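The values are calculated or read from the model by the stated rules, or taken from the named source; none is laboratory data. Model, not experiment: these values are computed from the prediction. Every residue, glycine among them, receives a Cβ derived from its backbone with ideal geometry; neighbour counts consider all protein chains shown. Only protein heavy atoms, including side chains, enter the accessible area calculation; ligands, DNA and RNA are left aside. Shrake-Rupley method; radii C 1.70, N 1.55, O 1.52, S 1.80 Å.
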Amino acid sequence: MNLRQILAAALLLVAAPVRADNPQFQGADPHAMMIDGELWVFPTGGPGGSWAADRFGAFSSRDLKTWQPRGELIRRDQIAWIDADGTREHFLWAPGVAMRDGKWYLYYSVGPQNPTPSRIGVAVADRPGGPYRDSGQPLVTGGQGFEAIDPMAFVDPKSGKAYLYAGGSAGAKLRVWELNPDMVSIAREVAVATPPHFTEGAFMHERGGTYYLSYSHGRFNAADYSVHYATAPSPVGPWRYRGAILTSDATHKGPGHHSFVKTPAGKWLIVYHRWENPRGPAPFAGERQVAIDRLRYASDGRILPVRMTDAAAPRLP
Ligand code: FUB
């Protein structure tokens, strides 16, 4: 450990909970999960700017006001293969988490995206807050126009099969793989279409037998960034494009890279990042903020457009 890492670890031990309404805290690409009645968020970065691109943390809340740091999940220097591409500097972002048979799996993007291609890694833990151990090799490597970023793993409740969704940015291509039951190796790639308006940040969930593929569209630091979705009769399509769910309003710009969670009371939430009242035109400067709002379905299963809120964030119960 170098001095910076020792200081960061010491800060973690004394880290006070963060108190906030919407937006909840500084961070981006939030993957949210309900774990034992608490909402956990696994983001890029984290509150107060103290979370750098060399590691991941997790944050949990019972009231969507008070956020407890849950520790350091994994650091860049714990990923043995990271330097194998010969690039000098690497960074981590856009984590996705899955749980299967009592084990926790953290999937992450490893940059740069060029001149060497981005890669996706996976690490395993006994608890959601880690520590996570890297699997020892990249799970997916980009190239030939495909950017291996924004991983999301989904275990199909019907078949028990696990899938990995990834891809985005300039290539704006979606790819899907079936994972082996160990969750850290690939069984096969499944040929899927890239749905209309897809840029990145794929998220899969199932409700009432319908599979919802939702994703970000546009430039991540501009007002056109938004969340769209498609539905399908299976986790791998065929997709039917259904429209936009979350788009910029007068003060909140470029909302995207979201996840959905169902609360213990059966309400659905969308957890996403946005730019708060950015000054000046895109590309926006500053930091993205994590926010949480209610997600509602129409009686025919359509997702209704989301209204972004400020102080009055939803409650968990
Ligand atoms: O946080 C880095 C990038 O911004 C992610 O890969 C994209 O999904 C966008 O949110």
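Distance check, please: which entries in K65/K161; K103/K158; K173/K262 exceed 24 angstrom between their Cα atoms?
Among K65/K161; K103/K158; K173/K262, the Cα-Cα distance tops 24 Å for K65/K161; K173/K262.
So what are the ³J(HN,Hα) numbers for segment 190-206, from phi and the Karplus equation (6.51, -1.76, 1.60; θ = phi - 60°), rounded to whole Hz, Gly and Pro as x?
Karplus values, whole Hz, x for Gly and Pro: 9, 5, 10, 7, 8, x, x, 6, 6, 10, 5, x, 5, 9, 10, 9, 10.
Label-point separation (nm) for D83 and Y297, each offset 7 Å from Cα along Cα-to-Cβ?
4.9 nm
For segment 115-193, just list the percent of Cα-Cα distances falling in each 5 Å bin from zero outward, please.
Spelled out per bin, shortest first, that is 3, 15, 22, 26, 18, 11, 4, 1, 0.
Per residue, how big is the convex hull around the C-alpha atoms of segment 133-238? Give it to me in cubic angstrom, could you?
Measuring per residue, one finds 114 Å³ for the Cα hull of segment 133-238.
Using a probe of 1.4 angstrom, how much of the accessible area of segment 212-259 is carbon and sulfur, in percent?
Result for segment 212-259: 57 percent of the exposed heavy-atom area is carbon or sulfur.
Over segment 17-150, calculate the relative contact order: mean separation of alpha carbon pairs under 8 Å at least 6 apart, over the residue count, as a percent.
19 percent
First obtain the Kirkwood hydrodynamic radius of segment 164-311 from its Cα pairs, then insert it into the Stokes-Einstein equation at 10 °C and 1.306 mPa s, and state the resulting D in µm² per second as a whole number.
It diffuses with D of about 99 µm²/s by this estimate.
Choose one answer from I35, I120, I292: the residue with the largest mean-square fluctuation in a GNM of the chain with alpha-carbon springs under 10 Å.
Comparing I35, I120, I292 in the GNM, the peak value goes to I35.
Out of L304, L246, L73, any idea which swings most in a Gaussian network model of the chain, alpha carbons joined below 10 Å?
Judging by the Gaussian network model, the answer is L304.
Please report the net charge: other residues with Cβ closer than 15 Å to the Cβ of T247, K and R +1, D and E -1.
Result for the neighbourhood of T247: +2.
Evaluate the relative contact order of the chain (contact order divided by residue number), counting alpha-carbon pairs under 8 angstrom at least 6 apart; express in whole percent.
Once divided by the residue count of the chain, the mean separation gives 14 percent.
For a quick size check, give me the Cα extents of segment 3-295 along its three principal axes, largest first, whole Å.
Each principal axis gives a Cα extent; for segment 3-295 these are 49, 45, 40 Å.
Counting pairwise Cα distances across segment 79-124, what percent come out greater than 17 angstrom?
For segment 79-124, the fraction of Cα-Cα distances above 17 Å is 35 percent.
Which trypsin sites (Lys or Arg not before Pro) does segment 15-114 hold that lie in a coil by DSSP with at most 11 other beta carbons within 10 Å?
R88
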